[in-house]
Amino acid sequence: MRDKILQTESLNLYINVQAFFKKAKIREGNQIVLSLDALPTKWYNIVPDLPEPLPPPKEPERGPSRLDFLSKTMVHECLRQEMSTERWIPIPEEVRELYIQARRPRPFHRARRLEKHLGLKKVRLYYKREDLSPTGSHKVNTALAQAYYAAKEEKTTLVTETGAGQWGSALSYAAALMGLHCVVFWVRAVYNRKNHRRTLMKLMGANVYASPSKETRFGKTLLSKNSNHEGSLGIAVSEGLKYAENHDGSVYCLGSVLNHVPIHQSIIGLEAIKQFELVDDNPDLIIGCLGGGSNFGGIAMPFAGEVLQKKRQCEFLAAQSEAAPNLLKGEYR
């Protein structure tokens, strides 16, 4: 009987704490935390809010259709979202549960010490902690969604490329949670350097190949010409696509570039909007690093959508490596 009373008291305490977290403007020091109930239920798609429609996907003048090839090698639901003109795309309940397991909603911090160090009197600095994901980056946000949809479509193997290794780690993690196998083609120059991240992927059950590899005809051709070929992201993508095409039950997953990826990543900005509301503040400037675009898009696009809808005023700054300045020196094709 006494144990029953203690259990009931614990339950009441849990309920009371939850009630507090639902209502309160929560701050632990400089940390702004959302309750589980505040986790967004829909992803944001910026396409319908753009000033003019994007051009349709470009097909080759000769040869097979790219779209037909992608429909054979990629997750169908992701391709549907890729072409979607809906502003809001429901997040499946199962994906929301996976997000919670991966420590979403993620905390938001006021950088008071940095403000003081820089001597800022009227400027407030905030930052969002996507590094707290199980594999250390924002990549998990789309990896979990893609793995979920692939499992629903009865696929058995997720195939991908990776450059720095974060995306390969994220997809390996998502595949393990969904009971799927994962195959990663990793740019050889980085594969040879990052033993710890390669070990992490393998611990999660992934097969990891240095690219170019002997797993595809394309990889073998490159190695026959140069056995020490350092590889490139483009080569790894090509190997991943060919592998998925030639292996039943396999599907190719991308961690950046295509629109369904920043749609999934919009969970970052959507949480941040709610966190700013909790402290009754509004950003004047959103800053994010940009490589393939999914991190910057994830934080910026929900805010940019409200700018396009005339709901807020805000500016955006993408920080990019001088080694690959595609925003400044790239060609739009």
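Where a number appears in this text, it was derived from the coordinates with a stated rule and is not lab data. All values reported here derive from a predicted model rather than from experimental measurement. A quick note on method: Cβ atoms are made from the backbone with ideal geometry, for glycine too, and the neighbour counts reach across all protein chains shown.
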### Query
Any idea what the alpha-carbon Rg over 2.2 N^0.38 Å comes to for segment 149-211?
1.05
### Query
Does a label point 7 Å from the Cα of residue 88, set along Cα-to-beta-carbon, have any residues of segment 40-65 with amide nitrogen under 20 Å, and which are they?
40-50
### Summary
For the chain, longest principal axis from Cα atoms; helix 2-23 axis from its Cα atoms; angle between them, nearest 10 degrees, is 80 degrees
### Message
What do you get for the angle between helix 294-308 and the principal long axis of the chain? Use alpha-carbon atoms, 0 to 90 degrees, nearest ten.
### Response
60 degrees
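So for segment 281-330, considering every pair of alpha-carbon atoms, how many percent are separated by more than 12 Å? Could you put the intermediate results ahead of the total?
Details: 775 of 1225 pairs.
For segment 281-330, the share of Cα pairs beyond 12 Å comes to 63 percent.
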### Summary
With no solvent term and unit scatterers on the alpha-carbon positions of segment 31-161, Debye gives log₁₀ I(q)/I(0) at q = 0.09, 0.12, 0.14, 0.21 Å⁻¹ of -0.42, -0.69, -0.86, -1.31
#### Entry: Net lengthening on full extension, residue 225/residue 284 (0.36 nm per residue, minus Cα-Cα)
16.0 nm
#### Entry: Acute angle (nearest 10 degrees) that the helix 140-152 long axis makes with the longest principal axis of the chain, alpha-carbon atoms
70 degrees
### Charge tally in the Cβ shell below 9 Å around residue 271, where Lys, Arg are +1 and Asp, Glu are -1, residue 271 excluded
+4
### Message
List the trypsin sites (Lys or Arg not before Pro) within segment 204-258 that DSSP assigns to loop and that have no more than 15 neighbouring Cβ atoms inside 10 Å.
### Response
214
### Task
Over all alpha-carbon pairs in segment 137-260, figure out the percentage whose distance exceeds 21 Å.
31 percent
### Query
Roughly speaking, what is the centre-to-centre gap between segment 105-158 and segment 187-254 when only Cα atoms are used, to the nearest Å?
27 Å
### Which listed pairs, of 194/274; 58/242; 42/128; 152/310, have C-alpha distances above 31 Å, in listed order
194/274; 152/310
### Message
Can you pull out the trypsin sites (Lys or Arg not before Pro) in segment 31-88 whose DSSP state is coil and whose Cβ has at most 16 other Cβ atoms within 10 Å?
### Response
58, 62, 87
